[in-house]
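Structure, as structure tokens:
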Amino acid sequence: MSELKITIGITAFNCGKYLLDAIRSVLDQNTDHWSGLLILDGGADKQSKQIFQEFDHPKFQKYELLENKGPYGTRAKAIELSGTEWYYQLDGDDILPSNAISDVISAIENNLGVDYVYGDCLHFDCKKSFIKKPSDDIEKLCYSLQINGVSPIKVRLFEKIGGFAPELYNNADWDFWISAYEIGAVGVKINKIIYHRR
């Protein structure tokens, strides 16, 4: 039986309408090899605040930012608070398929030494959905982010890169993955859907 655990960080701002769906998707994982963080950004909407205040679960730690740090400042705080070697970002309006953590752990254990895991992403709304597959053509990274920007990472990789560029309010995740490529970080691809993006 695996001893590996992954921290799932749910970051919330104005996502109260969907935040419980994100939380449930973590609680519904088909393995308990995870610990949860719920991070509330400063200035969040009323519904997100209420859910944050009322939510209580033994596998979750909660942290509230008093000032607005934006999506990347909030993610960086979650990674800082992570108590495991691996971190998996979940935006408060997205969900994880029930197999996500077990599939990621399996990929890590079968590919020792990897720095990140990536896979297919289901993009969806109330009317339609489509699956976006990651590209293996690294040259395309010059033009757009080729994998899901919230793919699971080793905390050590985040620290080695120096986190997200503080001057970038937008596209700091794209910049992060360019930096990961530049330092020769090693990833492993899962040919399954491991994230649902709303």
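The values are calculated or read from the model by the stated rules, or taken from the named source; none is laboratory data. Everything numeric here is computed off the predicted structure, so don't read it as measured data. In case anyone asks, the SASA skips ligands and DNA or RNA and just uses the protein heavy atoms, side chains included. Shrake-Rupley method; radii C 1.70, N 1.55, O 1.52, S 1.80 Å.
Just to be sure I understand: with springs between alpha-carbon atoms less than 10 Å apart, which residue in 136, 45, 120 has the highest mean-square fluctuation in the Gaussian network model of the chain? It is 136.
For the range 1-40, what is the accessible area per residue in Å² when the probe is 1.4 Å?
On the way: 1710 Å² over 40 residues.
I get 43 Å² per residue for this part.
Considering only protein heavy atoms and a probe of 1.4 Å, how much of the accessible area of the chain is carbon and sulfur, as a whole percent? The nonpolar share, carbon plus sulfur, comes to 50 percent. Remark: the range 151-159, residue by residue, has Karplus-estimated 3J(HN,Hα) of 4, x, 9, 6, 4, 4, 5, 4, 5 Hz, where x stands for each Gly or Pro and the curve is 6.51 cos²θ - 1.76 cosθ + 1.60 at θ = phi - 60°. A cut-off of 5 Å between modelled amide H atoms, ignoring neighbours fewer than 5 places along the same chain, links residue 195 with 122. Each helix, a run of at least 4 DSSP H residues, gives -39500 (n - 2.57); summed and divided by the residues of the chain, these come to -8500 deg cm²/dmol at 222 nm. So which lysines pass the test for residue 127, namely a Cα distance under 30 Å, with those fewer than 8 places away in the same chain ruled out? Cross-link targets: 17, 46, 49, 140, 189, 192. Annotation for the range 90-156 versus the range 15-45: alpha-carbon center distance of 17 Å. Ligands, DNA and RNA are left out, and with a 1.4 angstrom probe the accessible area of the range 47-198 is 54 Å² per residue.
Beta bridges assigned by DSSP with both partners in the chain are antiparallel in approximately 25 percent of cases. Summarising the amide proton neighbourhood of residue 37: residues at separation of 5 or more, or on other chains, whose placed amide H is nearer than 5 Å comprise 8, 9, 10, 61.
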